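To start, the structure itself, in C-alpha cells.
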C-alpha cells in the first residue's frame, strides 16, 4: 500500500508545480540596462578580436568545422589581421550603439568563427573563446528573426506581450549560454553511463594532466609539482563526490537562470564560482565565460540601480 505524502512534502510538491506552471518568460529590460550590457560585451569581444594568436599559424593540419569545407590559411597573410580588427571595431561600435545590428552581428559572428576555427585547426582544440561566438550567434538569430517577422507583418512587431527586442535578446543569450553547461553535464552523463558523479574522484588524474600541460606549455615552475588537490581528492573520495556532484547538478540545471532576474543572478554567480574553482585546481582559464556570466547573468548595474531606487523609496519597475 502506497504511503500518502506528508503535509510538508505535499506543500513542497505543490510549490514546485506552481513554480513550473509559471513558466519561463523574458523580463522587461530598460534601454539603459541593455546599453550597458552591449557596451560591456563589446569591450570583451574587442579584446578577443585583437588577439594575434589565430593569425600566426602557417597552415591548418587538423581542420575542424568550416576549415573542413574551406581553406582558411589565407588568415596567415599579413593583411588578414588588420582587416579583421578594423571590421570588428566597426561592427562592435555598431553593436554598442544599437544601430545596424542586422548587419553588424552576422559579420561579427562570421569573423570570430573564422579566426577561432583556424586556431582550433592546429591539432589542439580548446573552447576558451567559444562563448563569445555563441553570444554573437544567438543574438544574430534573434535579430534576424525579429526583422523577418517585422517585414512579413508589414512593420508590426512579431513578438507579443509588448516586450522590446532587447528583452528577447537577453533571454536567448542567457538561454544559449546556460545550454552549454547543460550539454556539458549531459555529455558527462552519457559518456560515463550515468556514473559520472560516482567516478568523479578519478578527475584527480585530470588535475595532474592539466598541470603538466601548463608546465610544458609555459615552463613555469609553479605548475611542476603542486599535487595537493589531486592527493586530497583521492584521499577523500566521498567528500569529492559531494563537491563534484554539486558542480555537476549546477551545470545540469543551469537553465533555471531563465526563470527570473534573481535566478539568473545566483546561477551566474555559482557558475563563476565553478570556473574560479577550476582555475584554482587545474589552472584552466575561462575568462570569457566568466565575463559573459558577469554581464548577462549577474547584471550588477541593474541591481545597484534597484538598490538605490529602494533606498529612495521609489518603484523598481522598468
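The values are calculated or read from the model by the stated rules, or taken from the named source; none is laboratory data. The shown structure was predicted, so the numbers you read here are calculated from the model rather than taken from an experiment. As a convention, Cβ positions derive from the backbone with ideal geometry for all residues, glycine included, and neighbour counts pool all protein chains shown.
Tabulated data
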read-out	value
Leading residue by the ranking (farthest from the chain's Cα centre (by Cα)) among those in the stretch 138-154 that are surrounded by fewer than 19 Cβ atoms within 10 Å (Cβ to Cβ) and touching a residue at least 24 places away in the same chain (Cβ under 8 Å)	147
Subset of the stretch 31-63 [within 30 Å of residue 77 (Cβ to Cβ) and in a helix (DSSP H, G or I)]	41, 42, 43, 44, 45, 46, 47, 48, 49, 53, 54, 55
Residue match in the stretch 96-110 (condition: under 16 Å from the mean Cα position of the chain (by Cα) and under 19 Å from residue 286 (Cβ atoms))	no
Hits in the stretch 61-101 - residues which are within 16 Å of residue 48 (Cβ to Cβ) and either surrounded by 15 or more Cβ atoms within 10 Å (Cβ to Cβ) or in contact with a strand residue (DSSP E or B) (Cβ under 6 Å, 6 or more places away or on another chain) (or both)	75, 80, 81, 84, 85, 87, 88, 91, 92, 95, 96
Any chance residue 49 is assigned by TED's automatic domain parsing to the domain that holds residue 86 and within 28 Å of residue 253 (Cβ to Cβ)	no
Within the stretch 102-112, considering residues that are touching a residue at least 40 places away in the same chain (Cβ under 8 Å) and under 13 Å from residue 138 (Cα atoms), the one surrounded by the fewest Cβ atoms within 10 Å (Cβ to Cβ)	102
Residue 194 being at pLDDT below 75 and over 13 Å from residue 244 (Cα atoms)	no
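Quick grid of which residues meet (1) at pLDDT below 70; (2) touching a strand residue (DSSP E or B) at 6+ places or on another chain (Cβ under 7 Å); (3) buried (at least 17 other Cβ atoms within 10 Å of the Cβ); (4) farther than 16 Å from residue 279 by Cα:
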site	(1), (2), (3), (4)
215	yes, no, yes, no
220	yes, no, no, no
231	no, no, no, yes
241	no, no, yes, yes
246	no, no, no, yes
257	no, no, yes, yes
